[in-house]
Amino acid sequence: MMGLSWKVHSHYTALGDSISVGIGSSDEWGSFAQRYHLLTEHALLKTYDLHNYSKNGYTTQDVLASIEEPKVRKALQRSEIITITAGGNDLIKAGKKYLLNKQEAELHMTLKECQKNMSHILKQIIQLKEKGRSSYIIRLTNIYNPYHRWDTAYKWVRLFNRHIESFQTLPNVKVADIYSLFVGREKELLSWDSIHPNNVGHRVIAQAVYDTGYGRLSPHLD
């Protein structure tokens, strides 16, 4: 990299929950988004401003609502790269209710709501981006299962992920499969609370998103 001058400048917007915030990480790089930001700059040889509008505890409904904020819409309009992590908190909340009443109706409703919210999120972003002429990519992550000792959790996480993966038919959208990377490695990749990724977990997620490529932004890396 020595001697290279990164004169091209662009923007990257991260939306989502605690994973994008960096909860669970204890080192200077923080979230997967910060790590992916660094990987991207070195891969594409250009500088990116990172606009991170994720918040701890955000559900898919919260992410959808955040898109209506003027500062978020402005960042999305300017960004070549958009990442979204969402859905985990929806299922965690529904799972806690299930443990109280053992009724799967709450999980059914939550899954349906997640599917609707994620569809609206992507529809709005794509409509926003299609108004411009610049190339862009949207990268989603599916979700891992923090309750890996609970068989019912696997069922609902897989159902959610199946829907997330269907979005890859949309233009410029790819899904990083972090579910498969975390299965059987929960002790290695989750922090002390057994919910959030630790330093290694965030690094694994960043690499998984990086491995989805950059599409038209850099065809030789796709």
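What follows is calculated from the coordinates using simple rules that are stated; it is not laboratory data. Nothing here was measured: the structure is a model prediction, and the numbers come from that model. Here Cβ is always computed from backbone atoms with ideal geometry, including for glycine, and neighbour counts include all displayed protein chains.
Any chance you could run the full-extension gain for Tyr154 through Lys46? It's 0.36 nm times the residue separation minus the Cα-Cα distance, nm to one decimal.
Values: separation 108, 0.36 × 108 = 38.88 nm, distance 3.98 nm.
Fully extending the segment from Tyr154 to Lys46 adds 34.9 nm.
Please give me the summed charge of the neighbours of Tyr48: other residues whose Cβ is under 9 Å from its Cβ, Lys and Arg +1, Asp and Glu -1.
On the way: positive: Lys46; negative: Glu41, Asp49, Glu80.
Net of charged neighbours comes to -2.
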**Fill in**
With R₀ set to 25 angstrom, the calculated FRET efficiency between the beta-carbons of Arg162 and Ser218, to the nearest 0.05, is 0.30
**Message:** Run the helix sum for the chain: -39,500 (n - 2.57) per DSSP H stretch of 4+ residues, divided by residue count, reported at 222 nm to the nearest 500 deg cm²/dmol.
**Reply:** -15000 deg cm²/dmol
**Request:** May I ask which of Lys74/Lys187; Lys46/Lys74; Lys93/Lys123; Lys155/Lys187 have a Cα-Cα span longer than 29 Å here?
**Result:** Lys74/Lys187
**Request:** Could you tell me how many degrees, from 0 to 90 and to the nearest 10, lie between the Cα long axis of helix 88-101 and the main elongation axis, the longest principal axis, of the Cα atoms of the chain?
**Result:** 0
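List the relative contact order of the chain as a percent without decimals, with contacts defined as Cα pairs under 8 Å and 6+ residues apart.
Working: 367 pairs, mean separation 52.5, N = 222.
For the chain, the relative contact order is 24 percent.
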**Item:** Shape box of the chain [Cα atoms, principal axes, largest first, Å]
**Value:** 60, 37, 28
**Candidates Thr47, Thr152, Thr83: whichever shows maximal mean-square fluctuation once the chain is modelled as a Gaussian network with Cα springs under 10 Å** = Thr152
**Complete:** Cα extents of segment 117-219 along the principal axes, largest first, in whole Å, come to 46, 26, 19
**Asked** Tilt of helix 151-166 relative to the longest C-alpha principal axis of the chain, in degrees (0 to 90, nearest 10)?
**Response** 30
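Given Cα pairs under 8 Å that are at least 6 residues apart, what percent is the relative contact order of segment 4-88? Can you show the working numbers first?
Numbers: 136 pairs, mean separation 38.9, N = 85.
With pairs under 8 Å counted, the relative contact order is 46 percent.
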**Asked** Hey, how many Å between the Cα centroid of segment 127-181 and the Cα centroid of segment 30-93?
**Response** 14
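Quick one, can you get me the convex hull of the C-alpha atoms of segment 143-185 expressed as volume per residue in Å³?
Hull volume over Cα atoms, normalised by residue count, gives 52 Å³.
Kindly provide the GluC sites (Glu not before Pro) of segment 24-90 that DSSP labels as loop, not H, G, I, E or B, and whose Cβ sees at most 10 other Cβ atoms within 10 Å.
Numbers: sites: Glu28, Glu41, Glu68, Glu80; in loops: Glu28, Glu68, Glu80.
Sites meeting the loop and neighbour criteria: Glu28, Glu68.
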**Asked** Between the helical axis of 199-210 and the dominant principal axis of the chain, each derived from Cα atoms, what acute angle in degrees is found, rounded to the nearest 10?
**Response** 60
